[in-house]
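The values are calculated or read from the model by the stated rules, or taken from the named source; none is laboratory data. Keep in mind the model is a prediction, meaning the values are calculated, not measured. Don't worry about glycine lacking a Cβ; one is built from the backbone with ideal geometry, like all the others, and counts go over all protein chains shown. Calculation scope for accessible area: heavy atoms of the full protein, side chains included, ligands and nucleic acids excluded. Shrake-Rupley method; radii C 1.70, N 1.55, O 1.52, S 1.80 Å.
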Amino acid sequence: MRFGIMASHQYPPGDDLRRHLDDLFGTVELAAELGYDSVWTINHFQSNLATPQPISMLASLIPRSGDMLLGTGILLLPMFHPVHVAEEFATLDHLSGGRVVLGVGAGYRENEFAAFGVDPETRFRRFDESLRLIRALWTGAPVTHDGEFYPQVDATIGIPPLTPGGPPIWIGAGGKKAVRRAARLGDAWYAPGNSPSRRFLPEHLAVYNEALAEYGRDPATVQRPVGVELYCAPSTEQAVAEALPHARVEYSTYAEYPALRWQRDRFDELVRNTLLLGSPEFLVERISALRDLGFDHLIFRPGWLGMPTEKLRASLRLFATEVIPAFRTTT
């Protein structure tokens, strides 16, 4: 099993961004030293939190990330032109030595669609067309594409990707139709592990596996990433005491958006069913359950708004020494 961290670059407006970024870069360097496998950036526009943009952040993390995989978790694809994405990620693929993943989603915040003049009703059609065009451009061959939104005639990108066929594409999705789309268009479904319902992951995994078979793909060969909220301390009581107040503040901030209002209203269910705040023993038990469902790459946010850097780094260290070894296979 592999383990990665979100580079959680979202901060209260007006804070010292340089200080926050220096702390983040140090945390990513620490994660690389501790043997974590991946690091992921965030994308939002006109946010209620100060959020540096993900492509720039990925480029800045390349020299700080050792041999970790780097990806977007996630890029809001309908807000971008696919030629732009194809060019940027081909460039990042070269800069990283083939370590980049394009993680994408369709978006949900009304203000973001309005800012770009994108009709939310078209987001899934844009999403499908963008992915098909990006993959075609990554082949390096001239592309003629008679699309609804992004027509092209004999188009090529300036730099073909280093990775043959281009970087892997992971699709973040929560609804069952979107999970089926991930099986059809993506190399992996990046599953959201923070639903308040414990039934969510098993039910949606069944939908995903059924769709993979329908599209002629072997479920056994597909990567299985899942994103969770996690904090590790010597005891579960200490983990909850140190992390829960910060997680509550961050989720309350997200809940200012209508589509995420449930995160405020059902926060107690999130705490009970999905937030992984606990001792190493508690986390081994909970992650084992995710592994038994079939997930093989756990990605987590190491800290929340206002959490002191030394606390989240202590969690990363303890998790690396006491939890990760339980999931490393030896030969």
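How large, in percent, is the carbon and sulfur part of the accessible surface of the chain at a probe radius of 1.4 Å?
On the way: 7360 of 14020 Å².
Percent of accessible area from carbon and sulfur atoms in the chain: 53.
Would you report the distance distribution of C-alpha pairs in region 159-262 as whole percents per 5 angstrom bin, up to the bin with the largest distance?
Here the calculated profile for region 159-262 is 2, 11, 16, 17, 15, 13, 11, 9, 4, 1, 0.
Return, ordered by residue number, the residues of region 122-141 whose backbone nitrogen is under 15 Å from a label point located 7 Å along Cα→Cβ of F45.
Under 15 Å, as judged by backbone N against the label point of F45, lie 122-124, 126-127 of region 122-141.
How long is the gain from T221 to E281 if the chain were fully straight, where each residue apart is worth 0.36 nm and the alpha carbon distance is subtracted? Mind dumping the intermediate values first?
Details: separation 60, 0.36 × 60 = 21.60 nm, distance 2.98 nm.
The T221-E281 span can extend by a further 18.6 nm.
What distance in nm separates the two pseudo spin-label positions at E148 and Q238, each 7 Å out from Cα along the beta-carbon direction?
For E148 paired with Q238, the spin-label model returns 5.5 nm.
Angle check, please: helix 17-34 long axis (alpha carbons) against the longest principal axis of the chain (alpha carbons), in degrees 0 to 90, nearest 10.
Its long axis makes an angle of about 80 degrees.
Quick one: of the DSSP bridges fully inside region 88-239, what percent are antiparallel, nearest 5?
On the way: 2 of 11 bridges.
Among the beta bridges of region 88-239, antiparallel pairing accounts for roughly 20 percent.
Relative to the longest principal axis of the chain, what angle (0 to 90°, nearest 10) does the C-alpha long axis of helix 236-254 take?
On a 0 to 90 degree scale, this one is about 40.
Can you tell me what share of the DSSP beta bridges in the chain is antiparallel? A percent to the nearest 5 is fine.
Working: 3 of 35 bridges.
Within the chain, antiparallel bridges account for around 10 percent of the total.
Evaluate the distance, in nm, between pseudo-label points positioned 7 Å from the Cα of D16 and of I159 along their respective Cα→Cβ axes.
Result for the modelled spin labels: 3.4 nm.
What do you get for trypsin sites (Lys or Arg not before Pro) in region 113-209 restricted to DSSP loop and a cutoff of at most 11 other Cβ within 10 Å of the site's Cβ? List each step's numbers first, then the result.
On the way: sites: R123, R125, R126, R132, R135, K176, K177, R180, R181, R184, R198, R199; in loops: R198, R199.
Here the sparse-neighbourhood loop sites are R199.
Using a 1.4 Å probe, what is the accessible area per residue for region 1-95, in Å²? Don't jump to the answer; show the numbers that get you there.
Working: 3330 Å² over 95 residues.
Heavy-atom SASA per residue in region 1-95 reads 35 Å².
Can you give the local net charge around W189? Use residues other than it whose beta-carbon is closer than 10 angstrom to its beta-carbon, Lys and Arg +1, Asp and Glu -1. Each step should come with its number before you reach the end.
Numbers: positive: R180, R181, R224; negative: D187.
Its environment carries a net charge of +2.
What is the sum of charges around I157, taking Lys and Arg as +1, Asp and Glu as -1, for the other residues whose C-beta is under 14 Å from the C-beta of I157?
Working: positive: R135; negative: E87, E88, D93, D154.
For residues surrounding I157, the net value is -3.
Compute the long axis of helix 123-138 from its Cα atoms, compare it with the longest principal axis of the Cα atoms of the chain, and write down the angle in degrees, 0 to 90, nearest 10.
On a 0 to 90 degree scale, this one is about 70.
Please report, in cubic angstrom per residue, the volume enclosed by the convex hull of the alpha-carbon atoms of region 134-212.
It is 119 Å³ per residue.
How big, in percent, is the set of alpha carbon pairs in the chain lying more than 26 Å apart? The partial results should precede the final answer.
Values: 25948 of 54615 pairs.
Every Cα pair in the chain considered, those over 26 Å come to 48 percent.
Relative to the present Cα-Cα distance, how much length would full extension add between F25 and D67 at 0.36 nm per residue of separation?
Working: separation 42, 0.36 × 42 = 15.12 nm, distance 1.50 nm.
Here the answer is 13.6 nm.
With a Förster radius of 25 Å, plug the Cβ-Cβ distance of D119 and S56 into 1/(1 + (r/R0)^6) and report the FRET value to the nearest 0.05. List each step's numbers first, then the result.
Working: r = 27 Å, r/R0 = 1.09.
Once rounded, the FRET efficiency stands at 0.35.
If you bin every alpha carbon distance in region 1-118 into 10 Å steps from zero, what whole percent lands in each bin?
13, 44, 34, 9, 0
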